[in-house]
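See structure below.
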Amino acid sequence: MTISGLIQKEFIRIKSDRRTLILLFFIPMILIIIFGLTTGVGPTKFFTAAIISRDEMPTYDDFPSNSSEYDDIFISIMEQNSTTWDLYSQFNSTNIGEYNQAFNRCFYLLKNEFIDVFIILPQNFSESIVNNSNPVLIYYIDGSDSSAVRALEVAIQEPLALFRVEINMIENFTIMVPHLEFGVPSWESQLLNYALALILPIIIVGTTMNLTSLSIVSEGPLPRMLITPTAKRDIIFSKLIANTVVMIMQATEIFIMTSFFGLYSLGSLFDFYLVLMLIGFCGVAIGLFISAVSPTEQGANQMYLMMFIIIIIFSGTLMPAESLGGAKFLADILPLSHASVLITDITLRGLPLNLEHVFFILIISLVFLIIAYVAYKFKKLEV
Amino acid sequence: MENPDISNNTMVLVENLDVVFGNKHIVHDVSFSVEEGEIIGMFGISGAGKTTIIRVLTCQIEKKNWNGNVLVTGLSPSKRGNHSKILSNIGYVPQLELLNLYFELDPIVNVEIFTSTYGMDKKKAIITAEKLFNILDIPKDTWKKRVKRMSGGEKKRLSMAIGLIHHPKVLFLDEPTTGVDASKRYDILSYLKKLNQQLNTTMFIITHDLEAALICDKSAILREGKLLEFDTPQNLINSLPSRGLVARISIENLNQEIIKTIQKYPSIEKVLRVGNETIEVLMEDFEDNLPKLMKFLFENELKVYSMSRDVANFRRYFQIRIQEEEEKENRKNRSELMNEGDSP
Ligand SMILES: Nc1ncnc2c1ncn2[C@@H]1O[C@H](COP(=O)(O)OP(=O)(O)OP(=O)(O)O)[C@@H](O)[C@H]1O
Ligand SMILES: [Mg+2]
């Protein structure tokens with residue numbers, strides 16, 4: 001018995017199912033185009049900042065000057081290197097009078113939406129860095145739009161990351177964020193870019209799960225296959241292979257489309273692609289699990305919907321993981337929470353793949369696959 | 001090879017088969033054998049255990065649930081290692097086409113899918129398929145259209161073609177004529193006969209459609225898991241009193257009492273009520289006794305509308321045989337009840 005024949009059969013079946021194909025390949029394309037058009041092509045300066053530097057290096061005997069170079073580096077990164085930030089103005093204030101004047105000016109700028117944030121570098125900024133302790137960074141934001149606050153929280157990571165790379169800094173920043181309440185700033189379209197990075201894995205996991213969850217239950221002649229020299233193991237294996245290949249094609253489509261439409265990512269888009277495939281594979285595993293344990297097509301559909309909703313609710317994107325309380329373990333054993341961390345890390349923080357989360361997603365997939373295999377092995381199939 | 005007693009031509013051998021699921025004893029001590037080229041019909045009312053027997057023969061029931069000596073194309077399904085060999089030697093046509101065909105694909109692709117499960121060469125399989133399609137009169141313009149669009153009868157025939165695609169030695173068919181309208185039923189039976197003659201395929205049909213006996217070389221009658229008879233339909237009919245000659249009599253105001261009166265006539269073997277006012281009567285020495293019976297009816301002042309003579313068909317035989325078995329069982333139950341009453 002040739003497994004390639006079975007795999008071929010799976011492809012023929014998938015190919016004959018027009019509606020699913022549209023779901024798999026057309027919807028993501030449309031979404032990317034829409035989002036791509038809204039956000040514009042290429043990197044955009046999303047946020048505007050002002051900086052007040054109070055940085056002052058103390059004079060020591062063995063330290064030649066009282067130059068405060070680290071604040072200059074930070075400011076130049078904000079000004080030139082950052083792809084997300086625009087520097088509106090900067091103030092150097094070494095005494096309290098200057099500081100108060102600068103603060104009032106920035107307060108005015110923030111309130112009138114000339115800037116989205118103003119950052120204060122404290123007196124010991126450079127000193128802390130030299131001493132390898134955590135430097136403090138204070139930024140004032142408009143707290144009236146909580147989603148904007150979150151977006152800023154994420155966006156500020158970029159210059160910080162660039163800064164740390166620039167000076168080889170190991171310590172973390174201690175960030176303090178006093179919220180000031182003004183009107184709602186209008187950066188919705190920028191937010192879409194953040195959303196897209198999270199929507200894409202949801203689409204992948206949802207569509208692959210949907211396709212795979214029907215692969216066993218909807219195949220009427222499957223029990224009859226077992227009255228040929230076909231082994232159950234080969235049947236489930238061929239379904240895993242075929243659905244994984246389709247998923248990879250889908251992830252590739254998304255990868256190519258997003259590269260073309262300029263998805264904003266600080267980190268490597270290839271890593272992003274890997275995460276898409278990883279989460280897609282988990283979708284295939286969960287789909288097979290659903291298909292193996294469901295008695296009927298209708299049952300599989302209901303279970304799919306339930307699983308999908310649960311996965312989204314506990315993905316950490318709808319509700320932050322900390323707010324889940326006792327249900328947090330659910331987020332840990334579901335794939336999307338790990339994927340969303342991976343994706344924000346890559347696209348917004350420019351970090352490499354976090355292997356712990358990769359490992360988690362693989363383990364989750366494996367567990368679902370094993371349950372699917374065992375359930376299918378014991379499933380009563382009668383003709 | 002495994003059993004020196006049986007000839008090379010024995011396709012299916014079943015000796016003392018028992019099937020037990022938990023505390024349910026489904027099949028009791030069934031034995032029969034099927035020779036190459038034969039068409040076997042296994043008849044029995046619903047729940048008799050027909051499907052269960054086929055499932056043993058097609059390696060679908062675990063060994064722990066059955067006992068006995070079973071050989072299919074010379075191999076025993078009791079050994080797991082034999083399964084894939086047995087399954088390539090046999091073909092199977094399930095009762096529902098939905099379970100045998102990919103409706104969203106066309107017949108040729110269906111053929112390709114199933115041939116790949118046997119590891120066959122695709123081109124050769126297509127040639128075989130076209131030959132089968134032609135024998136079965138599956139119209140050429142449907143070969144490349146979705147199975148969904150085919151008529152019920154065409155689907156059924158396609159299903160049979162797929163069961164035969166790998167040149168199996170034995171073809172098992174589960175209720176091939178159930179759910180098909182009367183005229184099509186005869187079509188299907190004659191197609192099966194045609195395939196049997198042209199390909200010399202042994203066929204094992206389970207059904208409660210008694211018309212299928214028309215094409216069967218041997219009939220098995222199963223009741224509550226016991227094999228009552230296994231012989232050619234003609235032999236079975238001949239075993240009836242007077243070799244199955246029956247008198248069909250219509251009587252005015254026929255009722256249970258009248259039937260009892262008729263049963264009192266000495267050489268009567270069986271009285272079957274076959275219609276509202278019609279009975280069929282089986283007797284010893286039919287030719288001698290028929291005039292005497294008519295006289296008896298007149299003497300008892302029964303008004304006879306009509307009388308005709310006929311030979312029992314398999315349907316009638318089946319009815320008689322099952323009835324006989326039921327009466328035997330009732331008598332047994334009654335005597336058991338009485339015995340229980342006797343001993344405190
Ligand atoms: N796996 C099982 N476990 C327990 N009982 C079973 C099992 N399979 C079949 N039976 C019982 O065995 C009996 C015979 O079933 P079977 O399917 O063989 O009947 P059948 O002759 O094919 O009937 P039909 O004509 O309705 O298809 C039924 O009473 C059924 O409930
Ligand atoms: Mg049955």
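Table for the structure above
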{"quantity": "Single residue of the range B:39-57 satisfying the filter (assigned to a strand (DSSP E or B) and of a type in the set (A, V, I, L, M)) that is nearest to ligand 2 (Cβ to nearest atom)", "calculated": "B:M42"}
{"quantity": "Test for B:G68: is it at positive phi, more than 14 Å from chain A (Cβ to nearest Cβ), in contact with a helix residue (DSSP H, G or I) (Cβ under 9 Å, 6 or more places away or on another chain) and away from ligand 1 (no atom under 16 Å from the Cβ)", "calculated": "no"}
{"quantity": "The range B:203-241, residues that are in a strand (DSSP E or B) and polar (S, T, N, Q)", "calculated": "B:T207, B:S219"}
{"quantity": "Test: residue in the range B:321-340 that is at pLDDT 90 or above, closer than 30 Å to B:I45 by Cα, surrounded by 15 or more Cβ atoms within 10 Å (Cβ to Cβ) and basic (K, R)", "calculated": "yes"}
{"quantity": "Pairs with Cβ under 7 Å, 6+ apart, first in the range A:357-380 and assigned to a helix (DSSP H, G or I), second surrounded by fewer than 18 Cβ atoms within 10 Å (Cβ to Cβ)", "calculated": "A:I364/A:I333; A:Y376/A:K232; A:K377/A:K232"}
{"quantity": "Among residues of the range B:99-113, those that are within 7 Å of chain A (Cβ to nearest Cβ) and away from ligand 1 (no atom under 16 Å from the Cβ), counted", "calculated": "7"}
{"quantity": "Selected residue (criterion: surrounded by the most Cβ atoms within 10 Å (Cβ to Cβ)) from residues of the range A:200-226 that are within 12 Å of chain B (Cβ to nearest Cβ) and not in a helix (DSSP H, G or I)", "calculated": "A:P221"}
{"quantity": "Selection within the range B:176-202 - assigned to a loop (DSSP other than H, G, I, E, B) and more than 16 Å from ligand 1 (Cβ to nearest atom)", "calculated": "B:D181, B:N200, B:T201"}
{"quantity": "Within the range B:148-205, tally of residues that are over 23 Å from B:K85 (Cβ atoms) and within 13 Å of chain A (Cβ to nearest Cβ)", "calculated": "5"}
{"quantity": "From B:S116, B:S88, B:S84, residue being part of a helix (DSSP H, G or I), out of contact with any Pro (no Cβ under 6 Å at 6 or more places or on another chain) and assigned by TED's automatic domain parsing to the domain that holds B:G44", "calculated": "B:S116"}
{"quantity": "Residue satisfying condition, being closer than 30 Å to B:M294 by Cβ and in contact with a strand residue (DSSP E or B) (Cβ under 8 Å, 6 or more places away or on another chain), within set B:G225, B:G244", "calculated": "B:G244"}
{"quantity": "Test: B:L173 is in the same structural domain as B:G37 (by TED's automatic domain parsing), outside any loop (DSSP other than H, G, I, E, B), closer than 20 Å to B:K218 by Cα and more than 16 Å from ligand 2 (Cβ to nearest atom)", "calculated": "no"}
{"quantity": "Near pairs, Cβ below 9 angstrom, 6+ apart or cross-chain, from the range B:32-54 (more than 20 Å from B:Y317 (Cα to Cα)) to any residue that is within 14 Å of ligand 2 (Cβ to nearest atom) and in a helix (DSSP H, G or I)", "calculated": "none"}
{"quantity": "Only listed residue being more than 29 Å from B:G153 (Cβ to Cβ), more than 14 Å from chain A (Cβ to nearest Cβ) and more than 16 Å from ligand 2 (Cβ to nearest atom), chosen from B:S84, B:S78", "calculated": "B:S78"}
{"quantity": "Residue check for B:S116: of a type outside the set (A, V, I, L, M), buried (at least 22 other Cβ atoms within 10 Å of the Cβ), facing chain A (nearest Cβ under 8 Å) and free of Cβ contacts under 8 Å to residues at least 12 places away in the same chain", "calculated": "yes"}
{"quantity": "Unmet requirement for B:I61, which otherwise passes all of (1) more than 23 Å from B:K226 (Cα to Cα); (2) within 11 Å of chain A (Cβ to nearest Cβ); (3) touching a strand residue (DSSP E or B) at 6+ places or on another chain (Cβ under 8 Å)", "calculated": "(1)"}
{"quantity": "Identity of the residue in the range B:71-85, surrounded by fewer than 23 Cβ atoms within 10 Å (Cβ to Cβ) and closer than 26 Å to B:K194 by Cα, that ends up nearest to ligand 1 (Cβ to nearest atom)", "calculated": "B:T73"}
{"quantity": "Among the candidates B:I126, B:I90, residue that is touching a strand residue (DSSP E or B) at 6+ places or on another chain (Cβ under 7 Å) and not polar (S, T, N, Q)", "calculated": "B:I90"}
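The values are calculated or read from the model by the stated rules, or taken from the named source; none is laboratory data. Just so you know, these numbers come straight off a predicted model, no measurement behind them. Neighbour counts are summed over all protein chains in view; Cβ atoms, including those assigned to glycine, are modelled from backbone coordinates with ideal geometry.
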